Amino acid sequence: MDATLLTGAEFWRDPATFAAGDFPGAIPACGGLTGHVLFETSGSSGAPKWIALSKTALLASAAAVNRHLGVTQASCWGLALPPRHVGGFGVAARAFEAGCRFECFGQRWDAAAFRKWLEERQVTHASLVPAQVHDLAAAGSRAPAALRAIVVGGGHLDARTGRAARALGWPVLASYGMTEAASQIATQSLDSLASIYQPSPIPLLPIWRAELSAENLLRISGPALFSGALVLEGNEWVFQPRVSGWHETGDRVALDEGMLTPLGRADTLVKVLGELVSPEQIERELAALSGGALAPGVFCVVAVPDARSEHALVPVFDAAAGAELIDAVLAAYAARAPGIRRLRPPLMFADFPRGALGKPRRAEITRRAAHPEAR
């Protein structure tokens, strides 16, 4: 996809349904999809579905983000994420909405090349994932003077990495969002750059209403909400429209006076010896114990069936992370972990499964961890 086409008025006026990626087969002829963009996503089961976002919703999100980050016609949005995902697509939408300059980093990710490109193109705003911020901080280079904000999405940016990046002048801002919300739901403000980086709490953008369900899951309502989803029923894609003004997510969060703290996916909680355990929380502890040496996306903790304890927790690493570092981190964790959160010996994958944004493919990793013969 040529992302520059997304910044033209012709695209936004076109009523045809557009797939931001390679849609498998023909898009169903459905009036509910007129003027919509489709984004592929999947749940914890790995089952594919395509989220339908109206162009009106995408531009509502773009406007909210632009206002929040002080974007003007004199600004420049820089794209270094794949536009087939809503985080990358949203960068182009924001440039169109603001009427500002738009630049694409059209090469393989490299921290040094990205820094040079930012300076040459005088980019003021960009979106990155945690792994990219980790690489910038590890490189030790200072941010270009023109850069005003880097929205970090697609995962958790830990405090140590965020602070290291800010010490080098990189204006990283934690955000929380999802495809169903046309990207961002909550984003740190430019004012927060004057303070020490904290990954949370994160202020809600003003277009969103948020509340907790009876099960303490986040519910959201706002003008950037998705219209529905295409799901595969047999061999046929079927459009399932959203039937409520509210969308209940699968995320656990804390809400306090317009501030949101992510607590992880509800569907990742598992029972070990009768108690609920969060593998995501263990991952954050391992990252902290590594002192930032474990980059985001190079490991995860998965739960596999166990006859005695119901589930066992298995850390799975990209083999490139290094055995010495892994052993040291796991030893430090073992010295402090209670019984229900103890880990099995680690697995090392030379072909560690991850998506285009660097996120581990949990469903695939769990399957391989549970069935060693499949590896």
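The values are calculated or read from the model by the stated rules, or taken from the named source; none is laboratory data. Bear in mind that the values here come from a model prediction, so they are computed numbers and not experimental data. Don't worry about glycine lacking a Cβ; one is built from the backbone with ideal geometry, like all the others, and counts go over all protein chains shown.
Count, please, the residues in segment 223-241 that happen to be small (Gly, Ala, Ser), within 30 Å of Leu205 (Cα to Cα) and not in a strand (DSSP E or B).
The total comes to 2.
Residues to consider are Pro346, Pro305, Pro315; find the one that is closer than 21 Å to Asp267 by Cα and either without any contact (Cβ under 8 Å) to a residue 24 or more places away in the chain or surrounded by 17 or more Cβ atoms within 10 Å (Cβ to Cβ) (or both).
Just a single option satisfies the conditions, and that option is Pro315.
Every residue in segment 264-290 that is in contact (Cβ under 8 Å) with a residue 24 or more places away in the chain, assigned to a strand (DSSP E or B) and among the aliphatic types (A, V, I, L, M), please.
Val270, Val272, Val277, listed by residue number.
Could you count how many residues in segment 246-263 are assigned to a strand (DSSP E or B), surrounded by fewer than 18 Cβ atoms within 10 Å (Cβ to Cβ) and not aliphatic (A, V, I, L, M)?
Residues in segment 246-263 being assigned to a strand (DSSP E or B), surrounded by fewer than 18 Cβ atoms within 10 Å (Cβ to Cβ) and not aliphatic (A, V, I, L, M): 5 in total.
Do we find a residue being under 22 Å from the mean Cα position of the chain (by Cα), modelled with pLDDT under 95 and farther than 17 Å from Phe239 by Cα anywhere in segment 46-69?
Yes, segment 46-69 has at least one match.
Take the residues in segment 1-41 that are over 25 Å from the mean Cα position of the chain (by Cα) and of a type in the set (Val, Ile, Thr), then tell me which one is modelled with the highest pLDDT.
Checking each candidate, the answer is Thr34.
Is it the case, given these coordinates, that Asp191 is over 30 Å from Leu38 (Cα atoms), in contact (Cβ under 8 Å) with a residue 60 or more places away in the chain and of a type in the set (Asp, Glu)?
So Asp191 fails the test.
Please verify whether Ala174 is under 30 Å from Ala229 (Cβ atoms), within 18 Å of the chain's Cα centre (by Cα) and assigned to a strand (DSSP E or B), treating the condition exactly as stated.
yes
Given the conditions (1) more than 30 Å from Ser192 (Cα to Cα); (2) in contact with a helix residue (DSSP H, G or I) (Cβ under 9 Å, 6 or more places away or on another chain); (3) in a loop (DSSP other than H, G, I, E, B), and given that Val314 satisfies all but one, which numbered condition is not satisfied?
The failed condition is (3).
Answer yes if at least one residue in segment 174-183 is out of contact with any Cys (no Cβ under 9 Å at 6 or more places or on another chain), at pLDDT 95 or above and surrounded by fewer than 18 Cβ atoms within 10 Å (Cβ to Cβ), and no otherwise.
No - not one qualifying residue is present in segment 174-183.
Please find, within segment 101-159, the residue that is modelled with the highest pLDDT out of those that are among the hydroxyl-bearing types (Ser, Thr, Tyr) and not in a strand (DSSP E or B).
Top of the filtered list is Thr124.
So how many residues does segment 138-152 have that are buried (at least 24 other Cβ atoms within 10 Å of the Cβ) and under 22 Å from Ser290 (Cβ atoms)?
Total meeting the criteria: 1.
So Phe239 ticks every box in (1) crowded, with 18+ Cβ neighbours inside 10 Å; (2) in the same structural domain as Arg308 (by TED's automatic domain parsing) but one. Which box is left unticked?
The failed condition is (2).
Given (1) touching a Pro at 6+ places or on another chain (Cβ under 7 Å); (2) outside any loop (DSSP other than H, G, I, E, B); (3) closer than 24 Å to Phe89 by Cα, where does Leu193 come up short, assuming only one miss?
Leu193 satisfies every listed condition except (3).
Among Glu257, Glu285, which is assigned by TED's automatic domain parsing to the domain that holds Arg219, within 28 Å of Gly177 (Cα to Cα) and modelled with pLDDT of 90 or more?
After applying the criteria, what remains is Glu257.
Closer than 21 Å to Glu236 by Cα, assigned by TED's automatic domain parsing to the domain that holds Ser127 and in a helix (DSSP H, G or I): does that describe Gly32?
When the stated conditions are applied, Gly32 passes them.
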